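The values are calculated or read from the model by the stated rules, or taken from the named source; none is laboratory data. The shown structure was predicted, so the numbers you read here are calculated from the model rather than taken from an experiment. Heads up, the Cβs are rebuilt from the backbone with ideal geometry, glycines too, and the neighbour counts pull from every protein chain shown. Please note that ligands, DNA and RNA were not included when accessible areas were found on the heavy atoms of the full protein model with its side chains. Shrake-Rupley method; radii C 1.70, N 1.55, O 1.52, S 1.80 Å.
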Amino acid sequence: MDVPRIVIDTSVIVAGLRSRLGASNRLLEFVAEERLVPLVTTALFLEYEEVLKRPEQRLATGMDEKAIAGFMAAFASAAEPVEVHFLWRPQLADPDDEIVLEAAVNGRSEAIVTHNVRDFEPVSKAFGIEAVTPATFLKRIKI
């Protein structure tokens, strides 16, 4: 069985680290168990790190800089790097979402897993990449 290759939006990473309950955390567990392969570009990876290092996020997750570095190293070892060969900007209302879309399109992702599905609806059909919530994605893959 092929391991699903997905792009995980920053909102899902944050939610998964803020709470051990719920689909976002389960998705991160699947990454750690190598049951999912997250696709990342350098820009997307740096966004994850920057957001997690914000004081309000560190307080909410209970993670210090060392714990964040450990998480990022583990995530990087599980991730498949994606080179961005094509840019289509602007496609989305939120400029920060463009790097998620670029990773998904250039990496030929099966899905964009996000809590902001509506933000990606305008491009889902155009690029053939569905945006789904973590709960919806986990129900579909049945692994």
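Which pairs have Cβ atoms under 7 Å, sit 6 or more apart or on different chains, and link a residue in region 12-24 that is closer than 15 Å to GLY62 by Cβ and among the hydroxyl-bearing types (Ser, Thr, Tyr) to one that is open to solvent by less than 30 Å² (accessible area, probe 1.4 Å) and not in a loop (DSSP other than H, G, I, E, B)? Matching pairs, first to second residue: SER19/ASN25. Of all residue pairs spaced 6 or more apart or on separate chains, those with beta-carbon atoms under 6 Å, a first member in region 91-106 that is free of Cβ contacts under 8 Å to residues at least 60 places away in the same chain and a second member that is among the aromatic types (Phe, Trp, Tyr) and open to solvent by 20 Å² or more (accessible area, probe 1.4 Å) are VAL105/PHE127.
ASP2 falls short on exactly one of the conditions (1) in contact (Cβ under 8 Å) with a residue 40 or more places away in the chain; (2) under 24 Å from VAL105 (Cα atoms); (3) more than 12 Å from the chain's Cα centre (by Cα), and that condition is (1).
Set side by side, the residues GLU110, GLU102, GLU98 differ, and just one is of a type outside the set (Phe, Trp, Tyr) and either open to solvent by 40 Å² or more (accessible area, probe 1.4 Å) or more than 16 Å from the chain's Cα centre (by Cα) (or both), which is GLU110. Let me spell it out: the conditions are (1) among the charged types (D, E, K, R); (2) modelled with pLDDT of 90 or more; (3) under 17 Å from VAL14 (Cβ atoms), and ASP96 meets all of them except one. Which number is the exception? Failing condition for ASP96: (2). Pairs are defined by a Cβ separation below 9 Å, a sequence spacing of at least 6 or placement on different chains, a first member in region 34-48 that is under 15 Å from ILE141 (Cβ atoms), and a second member that is of a type in the set (Gly, Ala, Ser) and open to solvent by 10 Å² or more (accessible area, probe 1.4 Å); the pairs so defined are GLU34/ALA78; LEU36/ALA78; VAL37/ALA78; VAL37/ALA79; PRO38/ALA78; PRO38/ALA79.
Any residue at all in region 115-123 that's outside any strand (DSSP E or B), touching a residue at least 60 places away in the same chain (Cβ under 8 Å) and open to solvent by less than 20 Å² (accessible area, probe 1.4 Å)? The answer is no; no qualifying residue exists. For region 76-83, state whether one or more residues are over 24 Å from ARG18 (Cα atoms) and at pLDDT below 95. Yes, region 76-83 contains at least one residue that is over 24 Å from ARG18 (Cα atoms) and at pLDDT below 95.
Applying the criterion of being loosely packed, with under 15 Cβ neighbours inside 10 Å and part of a loop (DSSP other than H, G, I, E, B) to the residues of region 124-143, the residue that is modelled with the lowest pLDDT is ILE143.
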